[in-house]
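Structure record follows, encoded as structure tokens.
Coordinate-derived values only; no laboratory data. Only a predicted model underlies this, so the values are computations on that prediction, with no experimental measurement involved. Cβ sites come from the backbone with ideal geometry, for glycine too, and all protein chains shown count toward neighbours.
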Amino acid sequence: MLLPWEYGVRNLARRPVRTALTLVALATVVMLVFVVVGFIRGLEKSLAVSGDPQVVLVYSVNAEQNIENSSIAARTPDLLTASLDGVQKRFGVTHVSPEMYLGTRIKTRDGDAGLGLVRGVTRTAPLVRRGVKIVAGSWPGPGQVLVGRLAYAKLGSRSESLTIGQTVEFEGKTWTISGLFVAGGAAYESEIWCNLAEFQTATKRQDISLAAILMAPGASASRVQLFCKERTDLELRAIVETDYYAALQQHYKPVRLLAWFVVVLVSSAGIFAGLNMMYGAVAGRVREIATLQAIGFRRRAVLLSLVQEGLLLSAAASLLSGFIALVLLNGMAVRFTMGAFTLRIDSVAILVGCGVGLALGILGALPPALKALRASVAISLKAV
Amino acid sequence: MTLVELNHVSKSFSKGDETITPLDDVSLQIDAGEFVSLMGPSGTGKSTLLNLVSGIDRPDSGTIHVDGTEITGLSRSKLADWRAANLGYIFQTHNLIPVLTAYENVELPTLLLPLSSAQRRDRVQLALEAVGLVDRAEHYPRQLSGGQEQRVGIARAIVAHPKVVVADEPTGSLDTETSQQIQVLLQRLNQELNITLLMVTHDADVAAIASRQLLLDHGRFLESNGAPQSDNNKASLSS
Ligand SMILES: Nc1ncnc2c1ncn2[C@@H]1O[C@H](COP(=O)(O)OP(=O)(O)O)[C@@H](O)[C@H]1O
Ligand SMILES: [Mg+2]
């Protein structure tokens, strides 16, 4: 038989200041766990949704994995269109998007300046990049740019400085924002898009970085890959977009591992908060715990009651942090090398955060409870 | 009918190098319905004896039977269950749980018994009536006087209808007047509810309320005067 639930609850109120401090400490630990797991989940999600299995990226073999370093001839897209079967084609438009992709310094009108990602594109870009949706304004005309939802975060600026009608400066030219786009959390959301020809002029370049090809339903990417292999003179490489981002996932694996390691470290530190409180709580209750045993409560019942006490407090801390995390952290933009993404407090993050919270309560309560229960009842009854 | 029976029980403690033997081959029989007081100088092993009878501690040798059950042979968790159903313990310092009300404190032992919540309520009600504290049921221990706290402690000890109730200096930390009230109460519990009581005290006046008085000295019992006892109820001086 167990001790009444009220026993655990009221014991928490017995030393309100200590309980409150422990609650704050535990909630802080759980919050840190939410931040880190939210970061990991956001990064993973951003990379996972970025790839489209129907899209093949064609870029220079010399660029290794990094498309930013790629340079291919501007005529490549036409060559691909002419040579390949299986490329999606509707209403006479072949779905091949020539793109120039560049990390460059961008200045907003407010004077904020940061390294941004600019993609010079043509009208075919939204046909190939199917996730992209213009949510406000319109496709950029001359001297205009289309801004991704998280471009401001990548620049380290505020979202207000990248609204329609505002101007930004890059590559020695002032551009006016004509519209905003989203891409379902994909990496492009942190980019700024402009007209390819204009971008080439501004950068004094004639080449492009890559061609993105949308394959027709059922058509295999291996045709493109075969073409690139056979035409060694073109020095091209083709990769399915999902594979490209899967490789990036691998690339960020150490970062994710480090983040999980931080979760473990922070949690272990949190155990001390729980331990400290429960040792204090149990130390002042030696005779009481012996009395309960003298009445006939088994040691296991007393143990469970003490664990329940710790658990109750840590559950409250988890709930508190979970609520704050969902309201404040979820969707918060984070700047990262590959672009920007948002913290994601999803079910996994909630599960890990609350799991850590509850574990802190249990692990904090167990050692002091076991210590108290190991003592002889006869001796403990004499304790002051 | 013999309710409690100690046979050649010994218990010693080692403190560093020296060994103290508060109980040295003692035997004792207590009948159902008896009120036995146990006196003796401090440190003679009175509390130790109560702890053995209540299964909180174990003897080094000898056996203890309560109502036919050899409690010296029970495991620790079985002993806990046995205490819940068969034993009431009244502490000198009452040992109420501070976060529980008088009612909840008295209710605690009943939670360990197979009772319906209605039966449980009745039991607690009766126990509180027996100690005259029905109107203090919702008070927390800190809102009660020392005497009231001890009465709650007594109600808690009798609520499960135990076979035997042990009391370790139940009046030890009370003033004379309050102590007298508690003495009257204990006597009534014994006479009206027929509760078997084993009470330790160092106060001869308190000991006098018992139907039989024992003196523990140098690990042995001495029967002191008291109500006439039949031969087989006497503490035997084993030699
Ligand atoms: N758990 C223990 N460990 C060591 N010594 C003990 C223990 N319990 C009691 N003693 C010793 O045994 C003797 C009897 O103790 P106790 O039964 O408490 O005496 P009292 O008659 O005053 O109640 C004392 O000398 C006490 O110090
Ligand atoms: Mg004593």
- Residue-ordered couplings for region B:205-211, obtained by feeding phi - 60° into the Karplus form 6.51 cos²θ - 1.76 cosθ + 1.60 and rounding to whole Hz (Gly and Pro as x), are 5, 5, 4, 5, 6, 6, 7
- Task: Quick one: order A:Val263, A:Val58 by neighbouring beta-carbon count within 10 Å, fewest to most.
- Result: A:Val263, A:Val58
- Task: List the lysines whose Cα lies under 29 Å from the Cα of A:Lys89, skipping any in the same chain that are fewer than 8 positions away.
- Result: A:Lys133, A:Lys229
- Task: List the residues whose amide H sits under 5 Å from the amide H of B:Thr196, counting only those 5 or more places along or on another chain, with H placed 1.01 Å from N in the peptide plane.
- Result: B:Gly33, B:Val165
- Item | Inverse mean reciprocal Cα-Cα distance (Kirkwood Rh) of region B:1-78, Å | 13.2 Å
- Message: If R₀ is 30 angstrom, what is the calculated FRET efficiency for the pair B:Asp81 and B:Ser61, using the beta carbon separation as r and rounding to 0.05?
- Response: 0.75
- Query: What ³J(HN,Hα) values, in whole Hz, does the Karplus curve 6.51 cos²θ - 1.76 cosθ + 1.60 give for region A:301-306 when θ = phi - 60°, with x put for Gly and Pro?
  - Reply: 5, 5, 4, 4, 5, 5
- Query: Taking springs between alpha-carbon atoms closer than 10 angstrom, which of A:Thr122, A:Thr232, A:Thr167 fluctuates most in the Gaussian network model of chain A?
  - Reply: A:Thr232
- Query: Excluding A:Gly280 itself, what net charge comes from residues whose Cβ is under 15 Å from its Cβ, given Lys and Arg +1 and Asp and Glu -1?
  - Reply: +3
- Assuming a ≥ b ≥ c are the square roots of the Cα gyration tensor eigenvalues, decide whether chain B counts as rounded (a/c under 1.5), prolate (otherwise, with a/b larger than b/c) or oblate. prolate
- Query: Please state the Cα pair-distance histogram of region A:55-216 with 10 angstrom bins from zero: what percent is in each bin?
  - Reply: 11, 41, 35, 12, 1
- Query: Among rounded, prolate and oblate, which fits the protein assembly as shown when a ≥ b ≥ c are the square roots of the eigenvalues of its C-alpha gyration tensor, a/c under 1.5 means rounded, and a/b larger than b/c means prolate?
  - Reply: prolate
- So what's the angle, to the nearest 10 degrees on a 0 to 90 scale, between helix A:241-251 and the longest Cα principal axis of chain A? 50 degrees
- Item | Candidates per trypsin sites (Lys or Arg not before Pro) in region A:303-384, loop by DSSP, up to 14 other Cβ within 10 Å | A:Lys382
- Message: 7 Å from Cα along Cα→Cβ at both A:Lys89 and A:Ile134: what's the point-to-point distance in nm?
- Response: 2.7 nm
- For region A:1-103, listing chymotrypsin sites (Phe, Trp or Tyr not before Pro) in a DSSP loop whose Cβ sees at most 14 other Cβ atoms within 10 Å gives A:Phe91
- Task: Among B:Pro141, B:Pro59, B:Pro114, determine the one that fluctuates most according to a GNM of chain B built with springs between C-alpha atoms less than 10 Å apart.
- Result: B:Pro114
- Item | Net charge contributed by nearby residues that have their C-beta within less than 10 Å of A:Trp175 (K/R +1, D/E -1) | -2
- Normalised by the number of residues in chain A, what is the relative contact order in percent for Cα pairs under 8 Å and 6+ residues apart? 29 percent
- Task: Provide the per-residue ³J(HN,Hα) series for region B:114-131, in order, calculated from phi with Karplus coefficients 6.51, -1.76, 1.60 and θ = phi - 60°, each as a whole number of Hz, with x at glycine and proline positions.
- Result: x, 10, 6, 5, 5, 4, 4, 4, 4, 4, 5, 4, 4, 5, 5, 5, 4, 9
- Query: Using a Gaussian network for chain A with springs between C-alpha atoms less than 10 Å apart, which of these wobbles most: A:Ala294, A:Ala369, A:Ala359?
  - Reply: A:Ala294
- GluC sites (Glu not before Pro) lying in DSSP loop within region A:224-294, provided at most 16 other Cβ fall within 10 Å: A:Glu235
- Query: lysines near A:Lys371 by alpha-carbon distance under 18 Å, same-chain residues fewer than 8 away left out - which ones?
  - Reply: A:Lys382
- Message: How big is the dipole moment of chain B about its Cα centre under a simple scheme where the beta carbon of each Lys and Arg is +1, that of each Asp and Glu is -1, and everything else is neutral? Debye, nearest 20, please.
- Response: 540 debye
- Mean shadow area of region A:184-238, taken as a quarter of the surface of its Cα convex hull (nm²): 5.8 nm²
- C-alpha center-to-center spacing [region B:65-98, region A:315-330] in angstrom: 46 Å
- Nearest-20 debye value, region A:55-216 charge dipole, Cβ charges on Lys, Arg, Asp, Glu: 300 debye
- Ordered by fewest other Cβ atoms within 10 Å, a rough proxy for footprinting exposure, B:Tyr89, B:Tyr103 read B:Tyr103, B:Tyr89
- Can you give the alpha-carbon Rg of region A:153-289 over 2.2 N^0.38 Å, where N counts its residues? 1.86
- So which of B:Lys15/B:Lys78; B:Lys11/B:Lys46; A:Lys107/A:Lys154 end up more than 18 Å apart by C-alpha? B:Lys15/B:Lys78
- Listed with the fewest Cβ neighbours within 10 Å leading, A:Trp193, A:Trp260 appear as A:Trp260, A:Trp193
- Pairs of Cα atoms under 8 Å, at least six residues apart: use those to get the relative contact order of region A:55-216, whole percent. 35 percent
- Item | Beta bridge orientation in region A:55-216: antiparallel %, DSSP, nearest 5 | 75 percent
